[in-house]
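One structure below.
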Amino acid sequence: MRLSDAPKGAHAVVQSVSDAHPADPIAQRLRDLGFVAGEPVRLVARGPLGGDPLLIQIGTTRFALRKTEAARVEVFVGGAA
């Protein structure tokens, strides 16, 4: 499942980050921020109306991601956080 499709409050584990094209700087930045395989994440909140941005938590750090950015992160929902 994509992180952008996870339900609010969901605990998940990162499986991978997909590159939109070779040398994708956004995908690399997500990896640099800690979106790596095996890392527990949680979808804390969604923005109003269209649900953009998403508030994502990794450990004690929170990130606001656009839905298009979160869609690059494949997760397994139901993992421990």
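The values are calculated or read from the model by the stated rules, or taken from the named source; none is laboratory data. Worth saying up front: this structure is predicted, and the values here are computed from it rather than measured. Cβ placement follows ideal geometry from the backbone for every residue including glycine, while neighbour counts extend to all protein chains displayed. For the accessible areas, the whole protein counts, side chains as well, though only heavy atoms, and no ligand, DNA or RNA atoms are used. Shrake-Rupley method; radii C 1.70, N 1.55, O 1.52, S 1.80 Å.
Points to keep in mind about this one:
- Filtering region 20-58 to residues that are under 14 Å from the mean Cα position of the chain (by Cα), in contact (Cβ under 8 Å) with a residue 12 or more places away in the chain and farther than 19 Å from Lys8 by Cβ leaves Ile26, Ala27, Leu30, Arg31, Leu33, Gly34, Val36, Ala37, Gly38, Glu39.
- Scanning region 1-55 for residues that are polar (S, T, N, Q) and either in contact with a helix residue (DSSP H, G or I) (Cβ under 9 Å, 6 or more places away or on another chain) or part of a helix (DSSP H, G or I) (or both) turns up Ser4, Ser18, Gln28.
- Restricting attention to region 27-70, the residues that are β-branched (Val, Ile, Thr) and surrounded by fewer than 16 Cβ atoms within 10 Å (Cβ to Cβ) total 5.
- Restricting region 13-24 to residues that are modelled with pLDDT under 95 and over 12 Å from Arg72 (Cα atoms), the residue that is least open to solvent (accessible area, probe 1.4 Å): Ala23
- Residue list for region 56-81, restricted to those being among the small types (Gly, Ala, Ser) and not in a strand (DSSP E or B): Gly59, Ala70, Ala71, Gly78, Gly79, Ala80, Ala81
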